[in-house]
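Have a look at the structure below before the remarks.
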Amino acid sequence: MIISAPRLFLGETFSGPGAVVVEGGLITAVLPGETRGDIVLSHGFLAPGLIDVHNNGAFGVDCATATPDEWDVFIERLAARGVTSVLPTIITAPLAVLQEAAAGVAAAALRHAAILGLHLEGPFLAPAKRGAHQRHDLRLPDAAALDEILRLPALRLITLAPELPGALAAIARLKAAGVVVSLGHTAADAETMRAAACAGASMVTHVFNAQSPLSHRAPGAPGVALTDPRFAPCLIADAVHVDPTMLALAFNGCPRAIAVTDSILIAGLAQGETRPFGGAVATLNAQGVGVRADGTIAGAGIVLDEGIRRLIAAGVAPQTALAAATSRPAAALGLADRGQLAPGLRADLVWWSDDFAPLQVWTAGHTTQTATPPRGTEAARAELADLDERPTLAIVQAFLAQEQAAQRAIANAAPALARLADAVAARLQAGGRLFYAGAGTSGRLGLLDAVECGPTFGIDEGLIIPLLAGGQNAFIKAVEGAEDDEDAAIAALDAHEFSAADALVGIAASGTTPFTLAALRHADALGGITGAIVNNPNSPMARQADYAVELLTGAEIIAGSTRLSAGSVQKIALNTLSSTVMIRLGKTYGPFMVDMRATNIKLRRRALHMLQCISAANEDDAMLALTACNMHVKRAALMLLRKLSAPAAEQALAAASGSLRRALRLEGAQR
């Protein structure tokens with residue numbers, strides 16, 4: 001099986017187009033460049049599966065008490081969200097409870113290769129930093145306690161406080177036994193943290209939470225975690241446990257930082273869902289956090305794909321956020337079989353949309369049904385639940401980050417846009433017209449493009465005709481119900497005598513607007529060619545049109561406000577479409593708009609400058625030629641370059657269908 005994609009995220013960086021070859025559950029080759037795959041991903045990118053090394057539960061499943069059936073649900077639903085590897089986490093409890101929980105994890109790991117082993121968070125924690133851990137179950141890491149802990153099956157990672165008596169010796173013993181040691185729930189100072197690294201500790205658990213603070217003169221646990229290259233620091237990526245600014249600081253500054261959820265069983269459930277946890281009820285709130293009745297935090301409530309989106313919204317570069325949940329946790333745990341796109345590794349793969357939602361997942365080469373559909377323009381982004389409470393700079397950065405994703409969406413649609421441009425140009429070359437149809441922002445953008453093409457390219461009035469729901473008055477004032485008026489769209493086309501010679505492009509973010517959809521259907525019935533520019537996948541408009549351009553910008557910062565990213569890329573798409581069509585019609589010469597109407601002082605200066613650049617004539621000669629041609633740059637250029645009179649230049653252009661380049665070639669061949 002070959003899966004091709006517009007981009008690959010290899011584990012640390014993005015590449016251009018490429019493909020992954022999968023055989024027997026493994027990646028056997030990574031092919032750079034355009035490759036026709038058995039599965040062709042039309043947009044977004046392909047990446048390694050996510051790895052969550054700190055997960056107490058999700059989807060109503062508690063890792064400490066899960067039954068076999070619950071483990072099946074847990075792994076299946078994590079995979080549907082792009083999490084193909086997980087380290088179930090058990091917190092401090094009496095030894096008998098830990099033994100039973102560890103046995104459950106070990107048994108589940110035999111059935112699910114996604115389970116990497118057991119993360120034991122405790123019982124060797126600092127009482128003052130214990131958080132939700134019960135004080136009476138905490139222990140010192142003496143030899144007897146270690147004997148008991150090391151007998152737990154599937155133990156892969158343990159979190160402990162390095163300042164406890166005997167902790168440094170325990171770290172050395174645990175490492176020798178093959179257990180990765182992470183420092184957490186600690187009041188340790190910088191010196192103690194570094195001593196623990198010398199003893200063999202290599203990770204730090206939920207940096208900034210339940211540990212000594214970061215200060216300008218006392219770096220504490222966070223300062224050492226983020227600067228000592230021996231540590232892989234883990235941070236909860238929900239932007240609640242750690243402020244977004246601090247997340248950006250940590251991930252942009254530390255090349256080893258790992259994203260985790262530290263989620264509890266309420267993660268992945270619907271907002272408002274409740275579950276018993278830790279002796280009291282926890283409710284999933286709008287911020288994706290489990291809270292008690294009094295509002296105190298009970299635990300994290302996100303899945304790791306949501307953590308990726310929140311990191312990016314916080315200002316973390318996409319490649320950094322993705323590496324923090326793929327290659328970095330794999331390296332920290334010594335996993336040589338996953339975390340990157342490379343030959344010989346497990347084919348744990350995620351197809352991501354350009355706004356970072358998982359669209360399809362493969363676990364060891366087997367596809368998984370994603371739990372959430374692609375996020376359309378109407379979807380609300382859970383990671384922005386506190387948008388109105390953020391600093392102004394953070395709000396601006398969120399908008400600009402979304403615009404970057406939108407730019408990728410239009411880049412992915414370039415081939416479809418090119419096909420539409422060629423089809424429209426062919427109709428116009430044959431004497432047809434271009435119609436735009438749209439409502440609201442989309443319709444206004446169509447009208448604006450049509451109006452701007454006149455002076456820019458010197459086209460005749462009526463060559464590009466915008467149909468705006470509610471009429472042209474709707475450009476400055478909304479007309480209620482206009483977008484639902486199908487009869488108005490049909491009547492507008494009939495009033496302009498739309499025919500089989502013409503082309504119509506419908507524009508709508510949703511792809512469902514009745515006015516625009518009716519225009520497409522009527523234009524098709526009349527024999528014209530049709531195109532659709534939409535922002536949601538698999539829409540009725542895209543299915544109706546001969547040429548569909550899907551600009552999959554995803555959920556807006558303000559849900560449903562498609563004047564934002566959707567409108568931005570629609571404007572770019574329309575600019576690109578009309579300008580490309582005009583280039584095909586000979587309305588430009590290189591980068592120069594040689595058919596523009598020089599109707600004011602600024603444009604006359606521009607015409608003079610263009611003519612001098614094209615012909616290398618001096619200013620006086622160029623102005624004389626322009627004056628003789630009524631300020632028409634193409635005719636003046638032909639006069640100067642081929643020594644023609646103004647009437648002869650006009651005839652030469654007519655013979656070349658208005659193309660200055662073709663006219664120059666024809667005149668050159670005749671000399």
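Observations, loosely collected:
- Considering only beta bridges that DSSP places wholly inside the chain, some 40 percent are antiparallel.
- Averaging the sequence gap over all C-alpha pairs within less than 8 Å and six or more residues apart, then dividing by the number of residues, gives the chain a relative contact order of 11 percent.
- Rh by Kirkwood over Cα pairs, then Stokes-Einstein D for the range 204-263 at 1.002 mPa s and 20 °C, µm²/s: 189
- Mean-position separation - Cα centroids, the range 526-566 and the range 249-277, in angstrom: 33
- Look at where the Cα atoms of the range 345-369 and of the range 289-305 average out, and the two centres are 27 Å apart.
- The range 611-664-the range 51-110 distance, computed between alpha-carbon centres (Å): 76
- Efficiency of FRET from Cβ geometry, Ala411 and Ala177, R₀ 56 Å, rounded to 0.05: 0.65
- Sites Ser561 and Ala293, calculated FRET efficiency, Cβ-Cβ separation with R0 30 Å, nearest 0.05: 0.30
- Label-point separation, Asp243 to Ala654 (7 Å along Cα→Cβ), nm: 7.3
- Length gained when the stretch Ala380-Asp69 is fully extended (0.36 nm per residue, less Cα-Cα span): 108.8 nm
- Residues whose placed amide H lies under 5 Å from that of Tyr436, excluding near-sequence neighbours: Ile465, Leu467, Val505
- Using a cutoff of 8 angstrom between alpha carbon atoms and counting only pairs six or more residues apart, the relative contact order for the range 275-355 works out to 12 percent.
- Projected label distance in nm at Arg111 and Arg605, using a 7 Å step from Cα toward the beta-carbon: 7.7
- q = 0.18, 0.30 Å⁻¹, the range 1-53: log10 I(q)/I(0) [Debye, one scatterer per Cα]: -0.53, -1.24
- Cα gyration tensor shape for the range 277-414, rounded if a/c is under 1.5, else prolate or oblate: oblate
- Highest average first, the peptides 535-545, 297-307, 210-220 ordered by how many other beta carbon atoms sit within 10 Å of their residues are 297-307, 535-545, 210-220.
- Mean separation of Cα contacts under 8 Å, 6 or more apart, over the residue count of the range 36-174: relative contact order %: 21
- CD proxy at 222 nm, helix term only [per DSSP H run n ≥ 4: -39500 (n - 2.57); per residue of the chain; nearest 500]: -11500 deg cm²/dmol
- Extension gain (nm, one decimal) between Glu480 and Ala342, 0.36 nm per residue minus Cα-Cα: 44.2 nm
- Using the average count of surrounding beta-carbon atoms within 10 Å as a protection proxy, the listed peptides 164-173, 181-190 rank, highest first, as 181-190, 164-173.
- The simple spin-label model puts a point 7 Å past each Cα toward its Cβ; for Glu12 and Leu624 those points are separated by 6.5 nm.
- Subtracting the Cα-Cα distance of Asp38 and Glu497 from their residue separation scaled by 0.36 nm leaves 160.8 nm.
- Measuring r between the beta carbons of Ala218 and Met1 and using R0 = 60 Å, the FRET efficiency lands at 0.65.
- Counting only protein heavy atoms and a probe of 1.4 Å, the accessible surface of the range 68-127 is 60% carbon and sulfur.
- Rolling a 1.4 Å probe over the protein heavy atoms gives the chain an accessible area of 40 Å² per residue.
The values are calculated or read from the model by the stated rules, or taken from the named source; none is laboratory data. Everything quoted here is computed from the prediction, not taken from an experiment. Please note: Cβ atoms are built from the backbone with ideal geometry, for glycine as well, and neighbour counts cover all protein chains shown. Surface areas here come from the heavy atoms of the whole protein model, side chains and all, with no ligands, DNA or RNA. Shrake-Rupley method; radii C 1.70, N 1.55, O 1.52, S 1.80 Å.
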